[in-house]
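Visitor: I have a structure here, written as structure tokens, and I will follow up with some questions on it.
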Amino acid sequence: MCLEGIVRGTAGARVDRSIQGGRMTSLDSATSVVQSAIAEVLSVPSDQVKPSATIADHQLDSLEWVEIAVIIEERLGIQLAPADFAGAKTVADVAGILHSALATR
């Protein structure tokens, strides 16, 4: 499955039907989407958002988490609240939460 269009998309990108509804089969794919969303909010290249980086490393505030949740919703068609990420310590943790949410839909 190619996520290139999603990962490189912008907020407002159309929903990719190939992964909507829990069809994202790879945690790596979820990680790419999360990295891209965080990078977009922070206005940095996505390769600067490492899966092992802690949330504190990126100094994301609550408003930025809302933006990230909106970007993910627009790209994948899944609604996640910033509170859904509350237990996440790293970017990889956020990707795991997204992957689990998609798998249970």
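The values are calculated or read from the model by the stated rules, or taken from the named source; none is laboratory data. Just so you know, these numbers come straight off a predicted model, no measurement behind them. Every residue, glycine among them, receives a Cβ derived from its backbone with ideal geometry; neighbour counts consider all protein chains shown.
Visitor: Output the residue which, of all residues in the stretch 24-46 that are under 17 Å from residue 57 (Cα atoms) and of a type in the set (Val, Ile, Thr), is surrounded by the most Cβ atoms within 10 Å (Cβ to Cβ). Can you show your working first?
Guide: Narrowing the stretch 24-46 to residues under 17 Å from residue 57 (Cα atoms): 31, 34-46.
Subsequent filtering for residues that are of a type in the set (Val, Ile, Thr) retains 31, 34, 38, 41, 44.
Values: 31: 21, 34: 28, 38: 24, 41: 20, 44: 12.
That would be 34.
Visitor: Follow-up question, since we're still on this one. For the stretch 85-95: of the residues being modelled with pLDDT of 85 or more and assigned to a helix (DSSP H, G or I), which is farthest from residue 56 (Cα to Cα)?
Guide: 95
Visitor: With the condition kept exactly as written, say whether any residue in the stretch 68-82 is part of a loop (DSSP other than H, G, I, E, B), among the basic types (Lys, Arg) and modelled with pLDDT of 85 or more.
Guide: No, because not a single residue in the stretch 68-82 is part of a loop (DSSP other than H, G, I, E, B), among the basic types (Lys, Arg) and modelled with pLDDT of 85 or more.
Visitor: Here is a further query. Just to verify a result, which residue in the stretch 47-73, among those that are among the β-branched types (Val, Ile, Thr) and within 14 Å of residue 36 (Cα to Cα), is farthest from the chain's Cα centre (by Cα)? Spell out how you get there, then give the answer.
Guide: Our first condition is that a residue be among the β-branched types (Val, Ile, Thr); within the stretch 47-73, this holds for 49, 54-55, 66, 68, 70-72.
Remaining after also requiring within 14 Å of residue 36 (Cα to Cα): 49, 68, 70-72.
Numbers: 49: 11, 68: 7, 70: 10, 71: 8, 72: 5 Å.
Step by step, filter the stretch 47-73, then rank; the result is 49.
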